[in-house]
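Everything on this sheet refers to the single structure shown next.
The values are calculated or read from the model by the stated rules, or taken from the named source; none is laboratory data. Since we're looking at a predicted model, the values are computed, not measured. Please note: Cβ atoms are built from the backbone with ideal geometry, for glycine as well, and neighbour counts cover all protein chains shown.
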Amino acid sequence: MKTIERQSIFFGGRKGVVRSALVAVFAVGLFLVSFAIDSGAQQITGAIRGTVKDEQGAAIPAAAVRATNVETGLSRSATTDSEGSYFIQYLPVGTYNVEVEQAGFKKFVQQNLAVALDQTQALSITLAVGAETQTVTVTETPALIDTNSATLARTVQPAEIIGLPLVNRNAYAELSLTPGVQSNSASPATNPSGTPNYVIGVPSTQVVVNGGIDGGVPMVSFYLDGGSNMTGIRNYGNPLPNPDALEEFRVETSNFSAQYGRMSSAVVNTVTRSGTNQFHGSLFEFVRNTDLNATPWNATLNPPYHRNQFGGTVGGPIKRDKAFFFFSYAGLRQTVGQFLSGGVVPTALERQGDFTQSKVIPNLPGTKTKVDGTNGSPNCQVPTVGCVPSALLDPTAANIIGKYIPLPNSANNAWTGFFTGPTNQNEYLGKYDQVLGTKDHLSATYFYLKSTQNANGSTTTNLLWDINQSFSTQQNVNISDVHTFSPTTANQTWIGFTRVAGGRVNLPATSLGDLGSNFTIQGPKALPQLTVSGYFGVGGALAGPVTTTDFYSLRDLVTMTKGKHSLNFGGELALDKNMIVGNLYNFGVFTFQTSAPTTTGNALADFVTGQVNTMEQDTPYHGLLSDWHTALFIEDDYRLTPRLMANLGLRWDIDVPPVESSNLTASFVPNVQSTVVPSAPLGMLFPGDKGIPRGIADLRWHHISPRVGLAWDPFGDGKTAVRAAGGIFYGSVSGNEWNQPANAQPFAIRQTFNSIVSFTNVYGNPASFPNGDPFPYTYTPSNPRFLPAASIESISKDAQWPLVYQINSSVQQQLPGQFTATLAYVGTLSHDLPIMIDDNYAPYAPGASTSQTSINARRPYDPGVLGQNIFLTTNQTASYNSMQFSVQRRLTHNLMLNGFYVWSHSFQSSNESAVGIAYAQDFANLWEERGPTDNDRRSMASISGIWNIDYYRGGNFFMKQLANGWTISSIATLNSGAPVNIVTGSNKNFDSANNSRPNLVAGQNAFLNSHRKRATAAAEWFNINAFTANGPGLGIGPGGADGNTPRDYLRAPGYRDIDLGVFRNISFERFTLQLRGEATNAFNMVSLNAPTANLASTLNGKITAAASPRLIQIGARFTF
């Protein structure tokens, strides 16, 4: 093996040229930033824009306009230009008084003007002729119509964060109040218990917006106080501070400003609270327990539930009008029972090998002859058909059944029960703001979160099995400064650091080798993962001691307003470092299906007799990746006419592909032999081979993103806006995506074996193990080795970053009663989406079987030497089209209302995955996978509202206390059903993917009336007779072996939920005690879950569980 030169981890390949080019680009960027002209984009602040005219409509130049924050005293000023226009930027979120003065006119004062996050508030002013000592004061807030920008967005205001029912106390749950948000892992629909989402080993939030994808490379940016709040492992959002510590957040869903990049779908921007001139704060505790919750549908017991959230905030002045502090602490102590269902387990007779009363009588392994033997069952004391001979009963399977697999306790031999595990969190937030002289406003934030959790193994586990114990810490440091050069020129700088570090381990520390098998585990012991097709699934999640992201960022923006132009010009530089030490599936993954060469024809009997279909065994691995991101951008908000604004933006992202510190990565080019690792299978290439840089793909210079928007005020009264926009948006890659080759040979083992002697004798078949047990496996850089038919993972050297075209058009209208309505078309076209396929896929061929020998012989590249090649390529597409209607009434006169309805269709060329092999029934014919995205819900609606009951004005003290101080709030959610994919449950096309779908039966309608009685619908949600198993000559694809049922052909039931909050405020002087009662699914409506859709399952077509029942939380907040 050739020695690979250890190059800088920052740049790949032709490092001198690349480094020089980047330095030059960054130097030019700094030069341009230093002399840039304006930014209408605010990031963590807001702005006010408008005109000043006289009563005849003539512009008033040289008028003095000053905006003053009513809580901190901070003020910023501007002078109107020759057309009477003014623009005041970099206003911290809050409430302002705006004063306008000009000689010969009465002084004008606008009170109660709310400046929201990353928004420009329109305020056009008419001055009346008169003495300057006279004042005209306006207290009514201006309209919400946005005539300045074509960006589609939704701001969640402080009143909503605190005032709406938020049972889980996770502000991200309210992302679902935004039109276009299709999926949200923090919503009550997805996560009713509020348990932190540890899917990547650290708490995170997954959000899909306007047809975006996930697949390990999501498309949404998350910011906290101007700094990135994401984990680079999979680009998911990190947790937020508790709601009492938040000011507001904004979700921009279409055609966002050119200052935003790296993610191509949406931006979630959150700002924490700050200190003010008055001391203020809160103390709070919220309680949920089992007795307050309703019993889940189809369950006989209520899951154990104990949850306490508590904490407090305090903020105030250090020096009045100059320096302020804010501090927050919150704790979570939770023990929640997870309802488990859908598992069909062996009966007392089947555990002994007695299948005489089973639906399917098993055969002798690998034959069509029914078993006819004796065993310990009373029914099998003499040879009897249906009795498995004692000699065929696998001792390892018997040990697992006896120790870990429960007896049935529900109909159809199913088991239902609960898993209970604790979750603990402690969070701290500190914030400091200071006005330095008359030119600078400095802000610094530090957020710390520590979490621990015990979860029930993997998400597919439907029995009690093992515990996935996780621990993590999160730290965010953000520092920003706004420097004002003049009323028209300012500079804003951000410096940020985010660290998320965690790990997880599976318990108990018992491996298959401790249960009678010769299985050799490498790394920490853990129970195996088992899938008995059509019956049950158990198994641990991926584990490993280290999952860490460090993200460093520097951003700068210089701004100027000049005439009709409001320009922003800036740049950013970021370094993302991802460190992973994982065990993968070192515990072993075993499947039992009736497509195995040695099957008994009954998957449960296969398990009892140890007839393994496939086994995956991995070894621990590590990866240390780094990637740089540089960007320059310019945006001009150009006032073409007094009633027409153009938003013209251009962004240039320079993306350096991630590099692994020890070059543990690979590519694949057919028929090319590596010179770096000559022993590698033909086609597998490494950094240092010709055309293969350290990051595999070349540095991407062409990520140039133009963006155009128009906002038109057709009547000139600020009450109507007609808007349209379009743009190009580039996405990003993730650490988990780019580290995939380190998972596999020659660096580690991640391989599936198709020929196994038995559950007890794992390594005895020479077709899979010609040299016997290959474990433990150790990577030696000087002498890398490969197992026969080596499974590898690789990245295409032509891999691209996701590219999304966004388009929207909308009409916004002010309505009577402080309402605004918006009707919008929103569309996206996504290209270059990533997918990991088996590039050495073994398709069906006549005479094929699922044996190791047969599969190896059908692989197109290097048969018998090269096995599966999980290959990252970027050739997939997706589309999204929608009509989005929304109505909004902000909190005025004690009432707030917001609602939306979205009709949409999202479609993709395949079910993508960039962090492991994708789902496909035939990797050689991916056209079979075209279909809806997993989040394609055709209709989605939400209505939320807050009503403060405070109308009694009489003098009776008791009536005043009784009638006033109440708040009623609610969130109603209605969604149509998500797609459901039906599978055959057995490898009937005898390929290497084992993802067969069935065939449709002619003349049968698969869809049944969804409005039948609930019990009837749950018993058979779809027509099970409309599907039949696929197989050669019966369907589509090679030899007609693939199923002709489209992917995600079926639909799950819809979802409906009404959350309710009832609050009572008891106030005295500056102190308020708020007593709160909140409930998700307050009326305990039943929303059925998706059905089992597996032809091999006895539960096929049946629904065994429903969405969360009513969950009640009581609590108290003391504020001052």
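Pairs meeting the criteria (first residue in segment 355-376 and over 12 Å from ALA603 (Cα atoms), second residue in a strand (DSSP E or B), beta carbons under 6 Å, at least 6 apart or on different chains) are THR369/ASN363; LYS370/ASN363; LYS370/VAL385; ASP372/VAL385; GLY373/CYS387; ASN375/CYS387. Please tell me if VAL268 is buried (at least 24 other Cβ atoms within 10 Å of the Cβ) and under 27 Å from VAL826 (Cα atoms). Here the answer is yes, as VAL268 does meet what is asked. With respect to the conditions (1) under 44 Å from the mean Cα position of the chain (by Cα); (2) more than 27 Å from LEU515 (Cβ to Cβ), THR367 falls short on a single one, namely (1).
Residues that are over 22 Å from ARG1117 (Cα atoms) and among the aliphatic types (A, V, I, L, M) were ranked within segment 274-305; the one that is modelled with the highest pLDDT is ALA294. For segment 157-183, give me the residue count where each residue is part of a strand (DSSP E or B) and either surrounded by fewer than 24 Cβ atoms within 10 Å (Cβ to Cβ) or at pLDDT below 90 (or both). Total satisfying the criteria: 1. Of GLY965, GLY1035, all but one fail to be over 27 Å from ASN298 (Cα atoms), surrounded by 22 or more Cβ atoms within 10 Å (Cβ to Cβ) and touching a strand residue (DSSP E or B) at 6+ places or on another chain (Cβ under 6 Å); the exception is GLY1035.
Specify the residue that is farthest from the chain's Cα centre (by Cα); the eligible residues are those in segment 139-151 that are among the hydrophobic types (A, V, I, L, M, F, W, C) and closer than 30 Å to ILE968 by Cβ. So the residue we want is ALA143.
Filtering segment 492-525 to residues that are of a type in the set (Phe, Trp, Tyr) and in contact with a helix residue (DSSP H, G or I) (Cβ under 8 Å, 6 or more places away or on another chain) leaves only PHE519. Note on segment 490-516: residues that are among the small types (Gly, Ala, Ser), over 30 Å from THR561 (Cα atoms) and either part of a strand (DSSP E or B) or in contact (Cβ under 8 Å) with a residue 60 or more places away in the chain (or both) amount to 5.
Are any of the residues in segment 331-345 touching a residue at least 60 places away in the same chain (Cβ under 8 Å) and outside any strand (DSSP E or B)? Yes, some residue in segment 331-345 is touching a residue at least 60 places away in the same chain (Cβ under 8 Å) and outside any strand (DSSP E or B).
In the set (1) part of a strand (DSSP E or B); (2) of a type in the set (S, T, N, Q); (3) within 30 Å of SER794 (Cα to Cα), the condition left unmet by ASN935 is number (1).
Pairs linking a residue in segment 1011-1023 that is outside any helix (DSSP H, G or I) to a residue that is among the β-branched types (Val, Ile, Thr) and surrounded by 14 or more Cβ atoms within 10 Å (Cβ to Cβ), with Cβ atoms under 6 Å and 6 or more positions apart or on different chains, are TRP1021/ILE1103. Listed by first and then second residue, the pairs linking a residue in segment 717-741 that is in a helix (DSSP H, G or I) and surrounded by 24 or more Cβ atoms within 10 Å (Cβ to Cβ) to a residue that is at pLDDT 90 or above and of a type in the set (Asp, Glu), with Cβ atoms under 6 Å apart and 6 or more places separating them unless they lie on different chains, are GLN740/GLU793; PRO741/GLU793. Among the residues of segment 881-901, none qualifies, meaning not one is assigned to a strand (DSSP E or B), under 30 Å from ALA789 (Cα atoms) and either at pLDDT 95 or above or touching a strand residue (DSSP E or B) at 6+ places or on another chain (Cβ under 9 Å) (or both). Need pairs with beta-carbon distance below 7 Å; first residue free of Cβ contacts under 8 Å to residues at least 40 places away in the same chain and within segment 943-957, second surrounded by 14 or more Cβ atoms within 10 Å (Cβ to Cβ) and not basic (Lys, Arg); sequence gap 6+ or separate chains. Filtered contacts from segment 943-957: TYR952/ALA963; TYR952/ASN964. Candidates ALA596, ALA605, ALA631: the one that is assigned to a loop (DSSP other than H, G, I, E, B), out of contact with any Leu (no Cβ under 7 Å at 6 or more places or on another chain) and not polar (S, T, N, Q) is ALA596. Within segment 362-388, the set of residues being on the phi < 0 side of the Ramachandran plot, touching a helix residue (DSSP H, G or I) at 6+ places or on another chain (Cβ under 9 Å) and not in a helix (DSSP H, G or I) comprises PRO362, ASN363, LEU364, PRO365, VAL371, GLY373, THR374, ASN375, GLY376, SER377, CYS387, VAL388. Among the residues of segment 634-671, those identified as of a type in the set (Val, Ile, Thr) and touching a strand residue (DSSP E or B) at 6+ places or on another chain (Cβ under 8 Å) are ILE634, ILE654, VAL656, VAL659, THR665, VAL669.
Screening ARG707, ARG694, ARG651 for residues that are touching a helix residue (DSSP H, G or I) at 6+ places or on another chain (Cβ under 9 Å) and among the basic types (Lys, Arg) leaves exactly one candidate, ARG694. In this structure, ALA1002 does not satisfy being part of a strand (DSSP E or B) and surrounded by fewer than 20 Cβ atoms within 10 Å (Cβ to Cβ). Sub-7 Å Cβ pairs linking a first residue in segment 572-597 that is within 16 Å of THR547 (Cβ to Cβ) to a second residue that is of a type in the set (Lys, Arg) and surrounded by 21 or more Cβ atoms within 10 Å (Cβ to Cβ), at least 6 apart or interchain, are LEU584/ARG750, ordered by first then second residue.
For segment 338-385, the tally of residues that are of a type in the set (Gly, Ala, Ser) and over 23 Å from THR1098 (Cα atoms) stands at 3. Pairs linking a residue in segment 92-120 that is touching a residue at least 60 places away in the same chain (Cβ under 8 Å) and buried (at least 22 other Cβ atoms within 10 Å of the Cβ) to a residue that is of a type in the set (Phe, Trp, Tyr) and part of a strand (DSSP E or B), with Cβ atoms under 9 Å and 6 or more positions apart or on different chains, are VAL115/TYR96; LEU117/PHE249; THR120/PHE87. Within segment 94-122, the set of residues being at positive phi and of a type outside the set (Gly, Ala, Ser) comprises ASN112, ASP118. Filtering segment 1061-1114 to residues that are in contact with an Asp or Glu (Cβ under 6 Å, 6 or more places away or on another chain) and part of a strand (DSSP E or B) leaves GLY1061, THR1080, GLN1113.
Residue by residue, here is whether (1) at pLDDT below 95; (2) under 30 Å from LEU573 (Cβ atoms); (3) hydroxyl-bearing (Ser, Thr, Tyr) holds:
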| residue | (1), (2), (3) |
| --- | --- |
| SER595 | yes, no, yes |
| ALA605 | no, no, no |
| THR630 | no, yes, yes |
| PRO642 | yes, no, no |
| GLY649 | no, yes, no |
| GLU660 | no, yes, no |
| PRO670 | no, no, no |
| GLN673 | no, no, no |
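The set of residues in segment 706-716 that are over 21 Å from TYR825 (Cβ atoms) and either in a strand (DSSP E or B) or of a type outside the set (Phe, Trp, Tyr) (or both) contains only GLY716.
Tell me the residue from THR295, THR300, THR276, THR270 that is farther than 21 Å from SER480 by Cβ, of a type in the set (Ser, Thr, Tyr) and touching a strand residue (DSSP E or B) at 6+ places or on another chain (Cβ under 9 Å), please. That would be THR300, the only listed residue that is farther than 21 Å from SER480 by Cβ, of a type in the set (Ser, Thr, Tyr) and touching a strand residue (DSSP E or B) at 6+ places or on another chain (Cβ under 9 Å).
Picking from ASN771, ASN754, ASN761, which residue would you name as being buried (at least 24 other Cβ atoms within 10 Å of the Cβ) and farther than 29 Å from GLY827 by Cα?
Criteria check complete, one pass: ASN754.
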